[in-house]
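The next block holds one structure in the form of structure tokens; read it before the comments.
The values are calculated or read from the model by the stated rules, or taken from the named source; none is laboratory data. Here the structure is a predicted model, which means the values were calculated and not measured. Here the Cβ positions follow ideal geometry from the backbone for every residue, glycine too, while neighbour counts run over all protein chains shown.
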Amino acid sequence: MAEVDQAAHAKAAQEADKKRQEEARKKVKEDREAREKSSREMSSADVKPTPTQEENDLAASGVHVPEHEPDGSEEQNVGGAQAKESKPTATPSPRAGYATRASEPKTG
């Protein structure tokens, strides 16, 4: 009787494993299709990566590249003109009023 239970358990485990594999294959296929669709959309758009490969190569050679070429994205273009870069503003720290004790040099 124990052998029948073990055989049934093994068969159930195999079926569950097969189902997990099928679900994983389906998920991988869906992900691949989504990546391909996204890739096709990006290649058809007139957008290039920022920084460009040339800018990466210059930076790797030690050249400072302060301005990047426009990538053509909507975020950079406002009414057809290049948008101004925003600069971070200083925000007060929640501990701004906290002062630490000055350490006294040891004498002796």
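Among the residues making up segment 39-59, those that are outside any helix (DSSP H, G or I) and at pLDDT below 80 are 45, 46, 47, 48, 49, 50. Is there a residue in segment 25-38 that is surrounded by 10 or more Cβ atoms within 10 Å (Cβ to Cβ), in a loop (DSSP other than H, G, I, E, B) and at pLDDT 80 or above? Taking every residue of segment 25-38 in turn, none turns out to be surrounded by 10 or more Cβ atoms within 10 Å (Cβ to Cβ), in a loop (DSSP other than H, G, I, E, B) and at pLDDT 80 or above. Evaluation of residue 62 against the conditions (1) at pLDDT 85 or above; (2) in a helix (DSSP H, G or I); (3) not charged (D, E, K, R) shows that the sole unmet condition is (2).
For segment 20-45, filtering for residues that are under 19 Å from residue 73 (Cα atoms) and among the aliphatic types (A, V, I, L, M) leaves 2.
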